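Structure, as structure tokens:
The values are calculated or read from the model by the stated rules, or taken from the named source; none is laboratory data. The model shown is predicted, which means the values in this text are computed figures rather than measured ones. Cβ placement follows ideal geometry from the backbone for every residue including glycine, while neighbour counts extend to all protein chains displayed.
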Amino acid sequence: MREWIITNGIGGFASSTDKSINTRRYHGLLIASSNPPGQRKLILSKVDESIIINNKKYDLYSNESQGKITEGYKYLVNFDKTIIPVYTYKVKNVIIEKSICMLYGKNTVAIIYKIANQKAKTKLLLTPIVNFRDFHGETHDLKFRYKQKINRDKVQLDFYEKGKINICVCGSKYQEYIDNIFYSMYYQKEAQRGFTAEENHAVPGTFEVEINPNEDKEITFLCSLDGEYGNSLEELSRLSGTKIINNEIKRINEQKEKSGLLRDKNIPQNDEEKQSYINLVNQYIVASDNFIVYRPSMKLHTIIAGYPWFLDWGRDSLISFEGLLLISKRFDIAREVLLTFANNVKQGIVPNGFDEYDGHALYNSADASLLLFEQVYKYIQYTGDYQFVKEKLYNIMIKIIDNYIDGTNIADNNIRFDERTYLISAGTMQTQNTWMDAKVNGKPVTPRNGKAVEINAMWYNALRIMQELSRKFMKLGRQFEYGMLAKNCQKSFVKRFYNPYKKCLYDVLGDDKVRPNQLFAISLSYPVLDCDKDMAKTVFVTVTQRLLNKYGLQTLAAGEDGFEPVYEGSPEERDSKYHQGITWPWLLGQYYNALKNMIIAEKDKNNKERLKNTLTQFRINVASTFTKELTQGNTIGSISEIYDSVIPTHGKGAFAQSWSVAEVFRILLEDANKL
């Protein structure tokens with residue numbers, strides 16, 4: 001079964017499978033964010049539909065429970081998800097089309113049924129399966145505590161201190177149930193992940209809709225979390241399901257138009273290539289839109305790191321920044337995302353995320369602050385908007401550099417500037433403040449404390465960017481200071497990080513394992529290694545030969561101590577393998593950047609042409625792999641977080657990951673939108 005997801009722009013989402021069987025605790029038709037984009041709760045697990053034709057009942061729903069599967073999918077004749085999921089069922093001569101759409105900006109979901117009826121007396125039964133629990137948990141209650149307030153075709157479920165759920169099916173008749181429970185819904189994916197795989201849900205009642213012979217009828221089921229970010233019962237009764245869908249399609253089409261990606265100059269002339277490109281742009285706009293959400297407490301947009309379980313992470317958001325926002329020309333939102341993280345800098349540290357429950361900033365990161373410089377520079381390259389950077393960001397960036405030089409220990413990051421080597425040291429034996437951050441039983445799996453290769457590559461890059469901005473803003477003292485620091489950092493980096501025995505860079509000084517983090521030395525706007533020199537070329541060849549595969553780059557080379565190519569087992573087992581050889585698609589973006597930098601730096605015409613051909617073939621390979629993944633892979637229209645490194649068959653980890661989507665689509669679409 002393949003998964004799908006749609007979102008509402010404030011952290012809520014709906015998700016299930018193409019057979020409408022929930023296989024995760026995170027699957028549901030309304031996962032609502034009560035404090036956007038956090039505090040997410042499962043509200044509506046699903047709607048079980050049955051249809052009565054000439055007094056015979058046919059169940060369209062599909063569930064797995066207590067070792068049994070109800071096979072409503074046998075009536076399913078088509079499933080499509082271009083923008084929203086659409087299921088088409090056929091029973092006898094009756095066609096039932098079910099579309100699911102969220103109301104943008106609200107914790108409200110609309111399920112629209114279009115019934116094409118032929119010569120049969122028909123009744124549609126819609127039974128909501130509800131809950132009111134944290135989306136990370138599960139419920140094993142044998143009795144659910146709520147009361148029902150019924151008003152003809154509307155019902156409010158009052159879960160007391162938890163909150164209220166509003167449901168409306170206009171023109172229906174509602175039949176209330178007392179203490180009805182769906183027992184032991186089984187989640188196949190949770191079993192595979194080593195978690196509790198069963199839970200109970202409440203079944204409050206059924207909505208019945210009569211359909212006359214030869215009548216074509218549209219029925220809208222609406223469900224909302226009552227409150228500021230939802231809709232009241234009266235508001236629900238005035239909503240049109242068709243209008244919700246049309247507005248969502250219009251919103252996505254406006255984003256496509258705004259992106260400029262479908263302008264004539266970008267579209268191939270060959271009919272087959274033209275259609276493939278248009279499909280790619282459509283997929284990109286829909287996939288990228290899922291991760292862009294609004295955080296009302298800050299009055300700013302931010303980027304969700306991945307679904308179903310992540311919130312907005314500084315590191316992930318900034319790595320995703322160009323691919324999600326700049327390629328699509330969402331420059332207004334790009335400014336807001338930069339401010340979301342820059343405005344919350346503390347002691348020189350950009351938040352690595354915000355807590356799901358109370359929204360407070362988390363500062364366990366040494367790289368998020370340095371990634372900010374790269375994305376500010378990218379923003380300028382796309383927009384030329386130096387004024388925004390000067391007024392809103394430049395002074396914050398100065399403070400980050402000053403704090404890194406003076407040293408900062410917030411959240412035990414232990415960031416220190418080595419005055420002897422001009423390099424940055426970070427972390428302790430107990431902390432994980434780089435992207436390889438997995439722990440098992442409180443112990444880091446990949447301890448990277450000390451002088452990490454990508455931290456120092458980013459440090460050099462940040463200094464060069466600040467040198468350039470200081471020149472632009474006529475801060476000549478700062479310009480000289482940053483230039484001097486960068487020059488000495490580069491000299492020290494080249495001297496200390498190259499490992500001639502393995503023809504690569506040390507991952508951390510003293511650790512010679514071959515990992516992809518060394519790519520940052522040649523992939524940033526200001527590479528710390530000269531990309532036309534043998535050292536950079538050797539590093540690139542080593543990464544290509546030992547880490548690159550069609551789905552991304554391995555986190556550890558085969559043959560290295562601790563190499564684990566398959567992501568499986570208990571939570572502890574999976575965490576121990578997370579960065580020990582598993583393939584990550586987002587790293588393809590760093591590989592792509594490195595290849596481009598080498599082309600720019602190459603002076604020999606023949607070698608430059610050879611590298612250009614390599615880049616072309618690389619993009620062809622990425623297109624071949626991920627256009628297939630988008631249509632036939634684990635998640636329809638999105639890209640997973642990770643893949644096995646030996647015989648990968650489907651995505652693993654988060655089933656829709658922002659930096660996977662951002663970097664893959666950037667590779668495929670960047671040239672079409674160069675400024």
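A search for C-beta distances below 8 Å between a residue of region 465-481 that is closer than 20 Å to Leu524 by Cβ and in contact (Cβ under 8 Å) with a residue 24 or more places away in the chain and any residue that is surrounded by fewer than 18 Cβ atoms within 10 Å (Cβ to Cβ) and aliphatic (A, V, I, L, M), counting only pairs 6+ apart in sequence or on different chains, returns Met466/Ile398.
One line per residue, one yes/no per condition, for (1) small (Gly, Ala, Ser); (2) touching a residue at least 40 places away in the same chain (Cβ under 8 Å); (3) surrounded by 14 or more Cβ atoms within 10 Å (Cβ to Cβ):
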position	(1), (2), (3)
Val376	no, yes, yes
Tyr382	no, yes, yes
Val389	no, yes, yes
Lys392	no, yes, yes
Asn395	no, no, no
Asn403	no, yes, yes
Ala411	yes, yes, yes
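Among the residues making up region 439-480, those that are buried (at least 17 other Cβ atoms within 10 Å of the Cβ), among the hydrophobic types (A, V, I, L, M, F, W, C) and closer than 23 Å to Leu362 by Cβ are Val445, Ala452, Ile455, Met458, Trp459, Ala462.
Go through the residues of region 204-223 one by one and say whether even a single one is buried (at least 18 other Cβ atoms within 10 Å of the Cβ), outside any strand (DSSP E or B) and in the same structural domain as Ile51 (by TED's automatic domain parsing). So far as region 204-223 goes, yes, one or more of its residues are buried (at least 18 other Cβ atoms within 10 Å of the Cβ), outside any strand (DSSP E or B) and in the same structural domain as Ile51 (by TED's automatic domain parsing). Candidates Leu300, Leu362, Leu372, Leu311: the one that is within 20 Å of the chain's Cα centre (by Cα), over 20 Å from Gly589 (Cβ atoms) and surrounded by 19 or more Cβ atoms within 10 Å (Cβ to Cβ) is Leu311.
What's the number of the condition Glu629 fails, among (1) over 24 Å from Val541 (Cα atoms); (2) assigned to a loop (DSSP other than H, G, I, E, B)? Single failed check for Glu629: (2). Does region 527-539 contain at least one residue that is in the same structural domain as Leu595 (by TED's automatic domain parsing), outside any loop (DSSP other than H, G, I, E, B) and in contact with a strand residue (DSSP E or B) (Cβ under 7 Å, 6 or more places away or on another chain)? There is at least one residue in region 527-539 that is in the same structural domain as Leu595 (by TED's automatic domain parsing), outside any loop (DSSP other than H, G, I, E, B) and in contact with a strand residue (DSSP E or B) (Cβ under 7 Å, 6 or more places away or on another chain). Taken together, Glu336, Glu391 contain a single residue that is touching a strand residue (DSSP E or B) at 6+ places or on another chain (Cβ under 7 Å) and not β-branched (Val, Ile, Thr), which is Glu336. Just one of the listed residues (Lys533, Lys443) is without any contact (Cβ under 8 Å) to a residue 24 or more places away in the chain, closer than 30 Å to Asn606 by Cα and not β-branched (Val, Ile, Thr), and it is Lys533. Applying the set (1) within 20 Å of Asn344 (Cβ to Cβ); (2) among the β-branched types (Val, Ile, Thr); (3) modelled with pLDDT of 95 or more to Ile405 leaves exactly one unmet item: (1). The residue that is farthest from Val203 (Cα to Cα), among those in region 168-182 that are surrounded by 19 or more Cβ atoms within 10 Å (Cβ to Cβ) and either of a type in the set (Ser, Thr, Tyr) or touching a helix residue (DSSP H, G or I) at 6+ places or on another chain (Cβ under 8 Å) (or both), is Cys170.
A quick yes/no check of all residues on (1) outside any loop (DSSP other than H, G, I, E, B); (2) assigned by TED's automatic domain parsing to the domain that holds Thr220; (3) not charged (D, E, K, R):
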residue	(1), (2), (3)
Gly9	no, yes, yes
Ser20	no, yes, yes
Tyr26	no, yes, yes
Ser33	yes, yes, yes
Leu42	yes, yes, yes
Lys46	yes, yes, no
Glu49	yes, yes, no
Glu64	yes, yes, no
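Starting from residues that are polar (S, T, N, Q) and assigned to a loop (DSSP other than H, G, I, E, B), keep the ones in region 553-595 and report whichever is modelled with the lowest pLDDT. This residue is Ser570.
When each of Glu176, Glu199, Glu161 is tested for being at pLDDT 95 or above, acidic (Asp, Glu) and over 35 Å from the mean Cα position of the chain (by Cα), the lone residue that passes is Glu176.
For region 600-627, the candidate set comprises residues that are farther than 13 Å from Leu588 by Cα and charged (D, E, K, R); within that set, the residue that is surrounded by the most Cβ atoms within 10 Å (Cβ to Cβ) is Glu602.
Of the numbered criteria (1) part of a loop (DSSP other than H, G, I, E, B); (2) aromatic (Phe, Trp, Tyr); (3) touching a residue at least 24 places away in the same chain (Cβ under 8 Å), the one Tyr501 fails is (3).
Matching residues to (1) assigned to a loop (DSSP other than H, G, I, E, B); (2) under 35 Å from the mean Cα position of the chain (by Cα); (3) of a type in the set (Val, Ile, Thr); (4) over 23 Å from Arg496 (Cα atoms):
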residue: Thr431; (1), (2), (3), (4): yes, yes, yes, yes
residue: Thr446; (1), (2), (3), (4): yes, yes, yes, no
residue: Ala457; (1), (2), (3), (4): no, yes, no, no
residue: Tyr460; (1), (2), (3), (4): no, yes, no, no
residue: Arg464; (1), (2), (3), (4): no, yes, no, no
residue: Leu485; (1), (2), (3), (4): no, no, no, no
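For region 420-427, the criterion of a residue being assigned to a helix (DSSP H, G or I), modelled with pLDDT of 95 or more and either among the aromatic types (Phe, Trp, Tyr) or crowded, with 23+ Cβ neighbours inside 10 Å (or both) is satisfied by no position.
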